Amino acid sequence: EDAGTIARELEITLTTRGKGKDGEKMPLAGIPYHALDNYLPRLIKKGYKVAICEQLEDPKQAKGLVKRGVVRVVTPGTVIDSSMLSDSGSNYLMTVVEKHNKNKKQNKFGISFLDISTGEFITTQVTDAPPYDMVAGEAARMHPTECILPSSLFKAQEFTDKLKENSSLIINQYNEEAFEHNNAKERLLGHFGATTLEGMGLENMSAATCASGAALAYVLETQMRELDHIRIPRVYFDDQFMILDPITLRNLELIKNVRDGSSDSSLLKVLDRTSTSMGSRLLRKWLLTPLIHPSDINRRLDSVQEMTDNTLMRYDLRSLLSGIKDIERLIGRIVYGNSNARDLVALRASLGVLPGIKSSLHGAGIKSGLLMSIKSGICDFTKLTELLEASIIDEPPLSIREGGFIKPGYNTQLDELKDMATHGKDWVARLQKQERERTGIKSLKIGYNKVFGYYIEVTKTNLSRVPDEYIRKQTTTNAERFFTPELKDKESIILRANDKRVALEYDLFIEITHMIADHAAQLQETASLIGELDVITNLAEAAVNNKYIRPEINETCNILIRDGRHPVVEHSLRGGFVPNDIHMDCDSDQFLLLTGPNMAGKSTYMRQSALIVIMAQMGSFVPASYASIGIVDRVFTRVGAFDDLVSGQSTFMVEMVELANILNNATSKSLILHL
């Protein structure tokens, strides 16, 4: 059955080999192991779980068949391989659990998001009821690739349909016991070495605890190893951020456009000129979670203002940041155990940039609180950088199983083994020259392969010149291969030295990665701060290049924008956009009615107002000559309509359902766009 599935999904040949117990030929479909990186992403993207099997013992020491077993299971939400991940997006596993509230219409839902590639782990708890807008909104905002549910929720068709309404989310059922509170609590306390949930902020959040514990149980079960890089869950609440439901995310085209689902012509595309992968992912999060507390917003705006005013600092930092690789995912792979020497070189190069960044911030005399906390929070990794500088060559091979990546002078024993192996190969070269002169066979060569070891190869036209002491080893199409006792003895010495060298290099690599893993928490924290600095410099650069201004943020109910511009439309119509003013409040200008012919710009005007508010509350400067923004807690949009034939809803019914959602959830601080 699996062979047929693989053949169909990967479009490879389905063949047969041998017979089963029932006498029928067994179907077979396979790929070369070195082609896994090409085929595995295709299976994961289609929602399959793939078990990875490896040898569990050294074949040289095995008695009989070499033991093999499953070492991990790759699922859409537990991908760690860099070839299957987007640099600019997180790869979240989502878990949801429902806790019933007696005598109440709404139940508590625990929601967790875990990205094992970076170690990020966040959780929240909301109250919701059909049609599950709150839970669906979190799924649309965080965009997980996989969601696991207990059987009770997995069988609830209305719930799963709602989750998949605006995405291609893969939903899987998971063991109900993993979602039980006691099991989840024990799993969290055990993994993070804690004695109470209070330090995680989960003490009085039963649903969030259950979701978090289940997420941790799932990744530990599928990855079959300790995942020490996973951070303690960070609790967040829906009253910390502006709420943007799936319909609003789609209609305002914040992350992707409505036309083809790509990032082209989206607000993110206009704003994202970040220099690092951490910054790109964080910018996306800021855009999807605008703040609603003026002090927090102004803290970000102060840092962007200072970066905007100091051109030299901004230029220096952006130049330095461009040399930093994805530290978050490098650490993830190193701790996970699937890194290579090139990852260590990338980490070394990134850590080498940090002193320059701190020096640039210090020399500029920064004053904003956020930039000062970033400068003080970046750790000193001098010793770690020196370790990597002393141990790993600048251009190592991709594989760590063949050696050749440890610098000379790092380990005395390794240097001795390298010298022994190198001199042995020099001896082989001298022997080849000697035998050519002795036999008169100019084409004679000494080669090596893993099956037959070292051999002397003579073409068939020269076989008459072969000395009597040559012992035949193998026949090929155009030549004969021989060996001599002397060559065989030397082969044993060379191969033993080479095998020991490769084994020792691998052991040294593991030792080095363990030393790096000891600093995982500090490296992750520094990576987060670098991402934050990158977003700030990026927003400052966007402000300068696009002529954005700093908005005024206040607690009032007023929105006043002078010469507002649509950030995406103006980007595609350089010099051709006509700016507009808008004034709204909770008194005389609470309701604005726009009329005009088609293509007059009504929807552009409405959307630009919402986009300017979102940009202001995420901490960005905005496209206007002046902007005073009273805090908005939620943006609703109802743009256009369509028949939902599957659920039997007419255009009118779809409009009424969406309007009812607005009326039931809007507050005095909500911004509503109705086209």
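Could you check the range 321-342 and list, in sequence order, the residues that are surrounded by 20 or more Cβ atoms within 10 Å (Cβ to Cβ) and farther than 16 Å from L523 by Cβ? If the condition is that a residue be surrounded by 20 or more Cβ atoms within 10 Å (Cβ to Cβ) and farther than 16 Å from L523 by Cβ, then L321, A341 are the ones that fit. Among the candidates L539, L495, L533, L487, the residue that is buried (at least 19 other Cβ atoms within 10 Å of the Cβ), of a type outside the set (S, T, N, Q) and modelled with pLDDT under 95 is uniquely L487. Against the numbered list (1) at pLDDT 90 or above; (2) over 25 Å from K450 (Cβ atoms); (3) surrounded by 14 or more Cβ atoms within 10 Å (Cβ to Cβ), S88 comes up short only at (1).
Considered as a group, the residues in the range 12-70 that are touching a Pro at 6+ places or on another chain (Cβ under 8 Å) and either among the charged types (D, E, K, R) or under 21 Å from E1 (Cβ atoms) (or both) include one that is modelled with the lowest pLDDT, and that residue is T16.
Of all the numbered requirements in (1) loosely packed, with under 15 Cβ neighbours inside 10 Å; (2) assigned to a loop (DSSP other than H, G, I, E, B), D581 misses one, and that requirement is (2).
Can C557 be described as in contact with a strand residue (DSSP E or B) (Cβ under 6 Å, 6 or more places away or on another chain), in contact (Cβ under 8 Å) with a residue 40 or more places away in the chain and part of a loop (DSSP other than H, G, I, E, B)? Yes, satisfied. The sole residue among I52, I44, I80 that is aliphatic (A, V, I, L, M), touching a residue at least 12 places away in the same chain (Cβ under 8 Å) and either assigned to a strand (DSSP E or B) or on the phi > 0 side of the Ramachandran plot (or both) is I52. Screening G213, G190 for residues that are modelled with pLDDT of 95 or more, in contact with a helix residue (DSSP H, G or I) (Cβ under 9 Å, 6 or more places away or on another chain) and small (G, A, S) leaves exactly one candidate, G213. Of the helices (runs of 4 or more DSSP H) lying entirely inside the range 211-321, the ones with 2 or more residues being in the same structural domain as M372 (by TED's automatic domain parsing) and not hydrophobic (A, V, I, L, M, F, W, C) are found at 277-288, 294-309, 311-321. Please name all residue pairs, on different chains or six or more residues apart, with Cβ atoms under 7 Å, provided the first residue is in the range 168-190 and is part of a strand (DSSP E or B) and the second residue is of a type in the set (D, E, K, R). From residues that are part of a strand (DSSP E or B), the pairs are I170/E146; I171/K164; N172/E146.
Of the residues Y470, Y455, Y448, only one is in the same structural domain as D499 (by TED's automatic domain parsing), among the aromatic types (F, W, Y) and either loosely packed, with under 13 Cβ neighbours inside 10 Å or farther than 30 Å from L504 by Cα (or both); which?
Only one candidate qualifies: Y470.
Within the range 127-162, the set of residues being surrounded by 17 or more Cβ atoms within 10 Å (Cβ to Cβ) and acidic (D, E) comprises D128, D133, E138, E146. The residues on offer are L504, L529, L508, L495, and the sole one that is outside the structural domain of K418 (by TED's automatic domain parsing) and among the hydrophobic types (A, V, I, L, M, F, W, C) is L529.
The single condition from (1) of a type outside the set (K, R); (2) surrounded by fewer than 20 Cβ atoms within 10 Å (Cβ to Cβ); (3) touching a helix residue (DSSP H, G or I) at 6+ places or on another chain (Cβ under 8 Å); (4) farther than 21 Å from L114 by Cα that D238 fails is (4).
Of all residues in the range 365-382, those satisfying the criterion of being charged (D, E, K, R) and either part of a loop (DSSP other than H, G, I, E, B) or not assigned by TED's automatic domain parsing to the domain that holds D309 (or both) are K367, D380.
The requirement of being closer than 30 Å to R329 by Cα and hydrophobic (A, V, I, L, M, F, W, C) is fulfilled somewhere in the range 542-564, by at least one residue. Pairing residues of the range 139-162 that are under 19 Å from K45 (Cα atoms) with residues that are at pLDDT below 95 and in a loop (DSSP other than H, G, I, E, B), at Cβ distances under 6 Å and at least 6 apart in sequence or on separate chains, gives A140/N166; C147/L169.
Screening P76 against (1) touching an Asp or Glu at 6+ places or on another chain (Cβ under 7 Å); (2) under 19 Å from K285 (Cβ atoms); (3) surrounded by 20 or more Cβ atoms within 10 Å (Cβ to Cβ) leaves a single unmet condition, (2).
Here A610 does not qualify as hydrophobic (A, V, I, L, M, F, W, C), outside any loop (DSSP other than H, G, I, E, B) and within 23 Å of I536 (Cβ to Cβ).
Can we say G356 is surrounded by fewer than 18 Cβ atoms within 10 Å (Cβ to Cβ), more than 30 Å from L529 (Cα to Cα), touching a residue at least 12 places away in the same chain (Cβ under 8 Å) and not basic (K, R)? Answer is no for this residue. For E165, are the conditions met, namely being surrounded by 15 or more Cβ atoms within 10 Å (Cβ to Cβ) and either within 26 Å of V635 (Cα to Cα) or without any contact (Cβ under 8 Å) to a residue 60 or more places away in the chain (or both)? Criteria met by E165. Selection within the range 92-141: residues that are aliphatic (A, V, I, L, M) and part of a strand (DSSP E or B). The member of this set that is nearest to E525 (Cα to Cα) is I122.
The values are calculated or read from the model by the stated rules, or taken from the named source; none is laboratory data. Just so you know, these numbers come straight off a predicted model, no measurement behind them. When we count neighbours, we look across all protein chains shown, and the Cβ atoms used for this are built from the backbone with ideal geometry, even at glycine.
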